[in-house]
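A short write-up of the structure that comes next.
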Amino acid sequence: MAVATGTGITTTVAAFLVPGWTLAAAVAAAALCGLNGEKRDGKPLITRCVATNVLRRLDSTEVFEALAAIGIEGRKGKRGVEFASEVMRDGPGWRAEVDLPPGVKATAVLEKREELAAAMRRPISTMWPEADCSAHPGRLVLWVAQRDPAKAGQKLWPLMKSGQADVYEPLPFGFDPRGNLVEITLMYSNLLVGGIPGSGMTSCALAIVLGVALDPTAELWIFELKGSGDLDSVRPVCHRYVSGDEDEDLEAALGGMRSGSPSTSGAPRSCAPCPPPRSPRAARSPARSPRSTPSSSSDRASSSSTRCRSCSRTTTTRMKRHPSPHA
């Protein structure tokens, strides 16, 4: 404030003491500088803010036009694409429920996912169509992400810092594009992971291995036959660990699979011959000759059932009781 006041006083005093032609020359020089600067400075100092990772809001018009662009539209005079509900917000994106024209399945849109993304001018990683068969085969649920999941920050594994796992219960595996947790159950099931080099197969295997390692009742056997050492980080917690592609490594892996196979645990390979089963009628009543008389209660036959351990077939044996000598 003091500097501004001093400058104003100086300017006022100079206006009375300095000749008039001096002030006119100063004003003309300032005008020339302003005109010269206007010609050279064509760009503003601050431009409009553009968020490159945030996509535009999804609306029904965009969905309708995109489906028509890939050939999903109703015929003339018949029902076309209809919306089962309004386009709504669903997590980090938008959700649209669409009833396709009669006779068109939702799988037809799933097969044209790339064409649908091109029609909507959006990254294919943000387009996730799926069929809602609980309603009908023609119900399409289209989920569009607000941000590109491939460029968004990754969530941490739920058991990264603390927690305990149980192989009999679902284990945390990862997250889907909507950010929902995906779980898998390893007990009584097998898992096969495949992909091109660099697609994250090792990270996928580590998520499963670490989940098993956090179960104190489970034994961790790892046979890494590539020999790259990608799983060496979990070697201290493994009960068996083999890494390499030599003959002894392959033999160790084969021995491990044989030791865990139920076919080598002593069970018979083939079922032993069992006596032929008797008909239910024969099992209920013993065979008699036409001239035989009904037997007394002491002559009634008793039966015993035995079960074959190999094939679980039940065999019924009839035993006849002889009359007591005191009868």
Quiz item: Once you put a point 7 Å from the Cα of Ala24 and another 7 Å from the Cα of Ser60, both along the Cβ direction, what distance in nm separates them?
Solution: 7.3 nm
Exercise. Two decimals is fine: what's Rg over Rh for the stretch 105-180, C-alpha atoms, Kirkwood radius as Rh?
Key: 1.10
Practice problem: Would you mind counting up the charge near Thr202? Only other residues with Cβ under 12 Å from its Cβ, with Lys and Arg at +1 and Asp and Glu at -1. | Solution: -2
Quiz item: Using the 10 angstrom Cβ neighbour count as an exposure proxy, how do Tyr241, Tyr168, Tyr188 rank, fewest first?
Solution: Tyr188, Tyr168, Tyr241
Quiz item: If each of Met257 and Gln154 carries a label point 7 Å out from its Cα toward its Cβ, how far apart are those two points in nm?
Solution: 3.0 nm
Quiz prompt | Residue (of Phe223, Pro236, Pro172) at the positive-pole extreme of the stretch 171-261, dipole from beta-carbon charges | solution = Pro172
Quiz item: Normalized C-alpha radius of gyration of the stretch 157-219, against 2.2 N^0.38 Å?
Solution: 1.14
Practice problem: Calculate the radius of gyration of the Cα atoms of the stretch 171-261 to one decimal place, then report Dmax, the largest Cα-Cα distance, as a whole number, both in Å. | Solution: 14.2, 45
Exercise. In Å and from the alpha-carbon atoms only, list the Rg and Dmax of the stretch 79-227.
Key: 19.3, 60
Quiz item: Taking only the alpha-carbon atoms of the stretch 60-145, what semi-axes of the equivalent ellipsoid follow from 5 times the gyration tensor eigenvalues under a square root, in whole Å, largest first?
Solution: 19, 15, 12
Exercise. Just tell me which aspartates and glutamates come within less than 12 Å, Cα to Cα, of Lys155; anything on the same chain fewer than 8 places away is out.
Key: Asp176
Self-check item: Taking Lys155, Lys112 and counting other C-beta atoms within 10 Å, the order from fewest to most
Solution: Lys155, Lys112
Self-check item: Label-point separation, Met88 to Leu250 (7 Å along Cα→Cβ), nm
Solution: 5.8 nm
Quiz item: What is the extension gain from Ser203 to Ser233, computed as 0.36 nm multiplied by their sequence separation minus the C-alpha to C-alpha distance, in nm to one decimal?
Solution: 9.6 nm
Quiz prompt | Net charge, Gly260 excluded, C-beta distance under 11 Å - Lys, Arg +1, Asp, Glu -1 | solution = +1
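A short reminder: the numbers here are calculations on the coordinates, not readings from a lab. Because the structure is predicted, anything quoted here is derived from the model rather than measured. Neighbour counts run over all protein chains shown; Cβ positions are idealised from the backbone, glycine included.
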